[in-house]
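The values are calculated or read from the model by the stated rules, or taken from the named source; none is laboratory data. Nothing here was measured: the structure is a model prediction, and the numbers come from that model. So basically every Cβ, Gly included, is an ideal-geometry build from the backbone, and we count neighbours across all protein chains shown.
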Amino acid sequence: MQWLFNLPIVLWRRLMLILQGLWALLWLIGSGIAALFGRGGTIGSRLAATIGGPKGLRMVFAVLRLFLPNLVLNRAIITAYPSNGVTALATRRADVIDILSRDADFGVVYAPRMEMITGGENFFLGMQDTPRYTRDTSNMRLVVRRDDVPEIVTPCVSNAARAIVAMLPGAIDVPQALTMPVAQKLLDVYFGTPGPSEAAMAEWTSLLFWYLFIDLQADPALDTRATAAAASFRSWMDGHIAARRQEQPKEDVLGRCIVMGDAKLPGMTDLDIRNNLIGLLIGELPTLSACANLALDELLDRPRAFAAACAAAQAGDDATLSAYVFEALRFRPLNPLIYRRAMHDTVIAGGKLRRRRIAKGSIVMASNLSAMFDPLAIADATAFRTDRPWEAYMLWGSGMHSCFGAHINRAVLPAMLKPLLAMPNLRRASGARGQIDKGDTPFPQHFHLEFDA
């Protein structure tokens, strides 16, 4: 009889799916009309500015979840990686999780570009579930330890952020003055890889993350820049590892790698160490800074939530502050889509009415943004709530290839923002300066805030 008790819940969730989808459809129609009769730029640019933004994407996904939850297009959306010219888009949470957990059916695509970055070797992010994948991830988990998060990582970030904010005169350019320098400090103190300069590390890691995950159309100009950045990164890392071997051992990630290499552990030669660290650093510096700024921007757009987050920061209530930061990121994740390639002919949502056949070589885009707003799985999905279980979030993927540094991210982002949010009367600077400026990149470059000194 349990099904009888569950029936009202199931019916309610179905109703929410319908209402969300219909409301989103009306919103998109209204946005199209506004773009048609609006001013400034072309109709296409006005429409792209509305629908391409965070809210617009959520509305598009809400319509798809209702009408076409697994959309298959006979065209290549992603040309940076080989495919058969077919693209599938999954929007329901159950299907997104299913795709990301079926590694034998839906494989990662990054190997060719990762091999360019390392000069010939793959990194475990681009590997299937193989013995080498297990070896490399196991090795790196021995040196990037969860125990380090409360003991080393969080204190490092908290102290760095506090020192920066304490010196501010009442105004800040958040990416340049806070989030990038703090993330860079973590590279130096914890990973043991400071780079030749903060500017060089920021440029290399940002370009290579862009090249791996965001450059979906294989821009030739970016390819040239990324190739040069990768060569410089490899050269510096090789020299840095050699120099560290001549120094006294240090208890940081690189120091632990060198000790394991000296013990002749398989997969820990200097070349292996270099490649694994490059892969990890690409995913650390630009993403931590970008996520912090996106969460802050989303909070500023929500005055009540922003005031509550600031109050939590001022009171030292880290748990409440974290809840606000990650709920903000649910609305504004850095990557709204995770893509895979079908390893053979297979299906999505087998046994369901929404079942779709997926041909070998198709690119399959699983939307983690859509999954976090699916009313069939997420209670009160469109509301900003800070009482959600951590399992509701899918900010850094799911399954075997979830972000390697997820535990670091979860600790670092609130700690990075806490001293700034504790400042009295924190607010946007006036005009365009108070909005995120990405420049010619996918990452926040400038974001000016003010507060009472």
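Quick check on Trp23: is it outside the structural domain of Phe373 (by TED's automatic domain parsing), surrounded by 10 or more Cβ atoms within 10 Å (Cβ to Cβ) and in contact (Cβ under 8 Å) with a residue 24 or more places away in the chain? Show your work before the answer.
Values: outside the structural domain of Phe373 (by TED's automatic domain parsing): yes; surrounded by 10 or more Cβ atoms within 10 Å (Cβ to Cβ): yes; in contact (Cβ under 8 Å) with a residue 24 or more places away in the chain: yes.
Yes.
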Q) Residues of region 429-453 being out of contact with any Pro (no Cβ under 8 Å at 6 or more places or on another chain) and within 15 Å of Leu168 (Cα to Cα), which ones? A) Ala429, His448, Leu449, Glu450
**Q.** Near pairs, Cβ below 9 angstrom, 6+ apart or cross-chain, from region 217-229 (in contact (Cβ under 8 Å) with a residue 24 or more places away in the chain) to any residue that is of a type in the set (Lys, Arg) and surrounded by 15 or more Cβ atoms within 10 Å (Cβ to Cβ)
**A.** Ala226/Arg113
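Please state which one of Ser398, Ser370 is among the hydroxyl-bearing types (Ser, Thr, Tyr), closer than 12 Å to Phe331 by Cα and either crowded, with 16+ Cβ neighbours inside 10 Å or at pLDDT 95 or above (or both).
On the way: Ser398 fails: closer than 12 Å to Phe331 by Cα.
Criteria check complete, one pass: Ser370.
Hey, any hits in region 342-352 for a residue that's among the charged types (D, E, K, R), in a loop (DSSP other than H, G, I, E, B) and surrounded by fewer than 19 Cβ atoms within 10 Å (Cβ to Cβ)? Walk me through how you get there before you give the answer.
At the first step, the residues of region 342-352 found to be among the charged types (D, E, K, R) are 345, 352.
Filter again for in a loop (DSSP other than H, G, I, E, B), leaving 345, 352.
Keeping just the survivors that are surrounded by fewer than 19 Cβ atoms within 10 Å (Cβ to Cβ) gives 345, 352.
Taking every residue of region 342-352 in turn, at least one turns out to be among the charged types (D, E, K, R), in a loop (DSSP other than H, G, I, E, B) and surrounded by fewer than 19 Cβ atoms within 10 Å (Cβ to Cβ).
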Q: Would you mind stating whether Ser31 is assigned to a helix (DSSP H, G or I), outside the structural domain of Asp223 (by TED's automatic domain parsing), surrounded by 16 or more Cβ atoms within 10 Å (Cβ to Cβ) and hydroxyl-bearing (Ser, Thr, Tyr)?
A: yes
Q: Return only the number of the condition from (1) surrounded by fewer than 16 Cβ atoms within 10 Å (Cβ to Cβ); (2) of a type outside the set (Lys, Arg); (3) in contact with a helix residue (DSSP H, G or I) (Cβ under 8 Å, 6 or more places away or on another chain) that Asn159 does not satisfy.
A: (3)
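Please state which one of Met423, Met416 is part of a helix (DSSP H, G or I) and surrounded by 15 or more Cβ atoms within 10 Å (Cβ to Cβ).
Details: Met423 fails: part of a helix (DSSP H, G or I).
From the options Met423, Met416, the qualifying one is Met416.
Here are Gly192, Gly170: which of them is surrounded by fewer than 20 Cβ atoms within 10 Å (Cβ to Cβ), farther than 17 Å from Ser289 by Cα and in the same structural domain as Arg433 (by TED's automatic domain parsing)?
Values: Gly192 fails: surrounded by fewer than 20 Cβ atoms within 10 Å (Cβ to Cβ).
Of Gly192, Gly170, the one residue that is surrounded by fewer than 20 Cβ atoms within 10 Å (Cβ to Cβ), farther than 17 Å from Ser289 by Cα and in the same structural domain as Arg433 (by TED's automatic domain parsing) is Gly170.
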**Q.** Arg145, sole failed condition from (1) farther than 22 Å from Leu212 by Cβ; (2) in contact with a helix residue (DSSP H, G or I) (Cβ under 7 Å, 6 or more places away or on another chain); (3) not in a helix (DSSP H, G or I)
**A.** (2)
Q) Can Asp387 be described as part of a loop (DSSP other than H, G, I, E, B), in contact with a helix residue (DSSP H, G or I) (Cβ under 9 Å, 6 or more places away or on another chain) and surrounded by fewer than 16 Cβ atoms within 10 Å (Cβ to Cβ)? A) yes
Q) How many of the residues making up region 366-406 are more than 16 Å from Ala24 (Cα to Cα), more than 13 Å from the chain's Cα centre (by Cα) and not aliphatic (A, V, I, L, M)? A) 9
Q: Would you check if Pro175 is assigned to a helix (DSSP H, G or I), in contact with a strand residue (DSSP E or B) (Cβ under 8 Å, 6 or more places away or on another chain), modelled with pLDDT of 95 or more and not charged (D, E, K, R)?
A: yes
(Q) Looking at the structure I just gave you, is Ala379 surrounded by fewer than 22 Cβ atoms within 10 Å (Cβ to Cβ), touching a residue at least 12 places away in the same chain (Cβ under 8 Å) and not hydroxyl-bearing (Ser, Thr, Tyr)? (A) no
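Could you go through region 267-280 and let me know if any residue there is over 28 Å from Thr134 (Cβ atoms), buried (at least 19 other Cβ atoms within 10 Å of the Cβ) and of a type in the set (Asp, Glu).
The first filter runs over region 267-280 and keeps only residues over 28 Å from Thr134 (Cβ atoms), leaving none.
Checked region 267-280: no residue is over 28 Å from Thr134 (Cβ atoms), buried (at least 19 other Cβ atoms within 10 Å of the Cβ) and of a type in the set (Asp, Glu).
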Q | Residues of region 390-411 that turn out to be within 22 Å of Leu296 (Cα to Cα), in contact with a Ser or Thr (Cβ under 7 Å, 6 or more places away or on another chain) and assigned to a helix (DSSP H, G or I), as a count | A | 1
(Q) What are the pairs with Cβ atoms under 7 angstrom where one residue, in region 58-72, is basic (Lys, Arg) and the other, located anywhere, is buried (at least 17 other Cβ atoms within 10 Å of the Cβ) and outside any helix (DSSP H, G or I)? Sequence gap at least six, or different chains. (A) Arg58/Phe373; Arg65/Thr91; Arg65/Arg92; Arg65/Asp374
(Q) Which residue is surrounded by the most Cβ atoms within 10 Å (Cβ to Cβ), if the candidates are limited to region 67-124 and must be basic (Lys, Arg) and outside any helix (DSSP H, G or I)? (A) Arg92
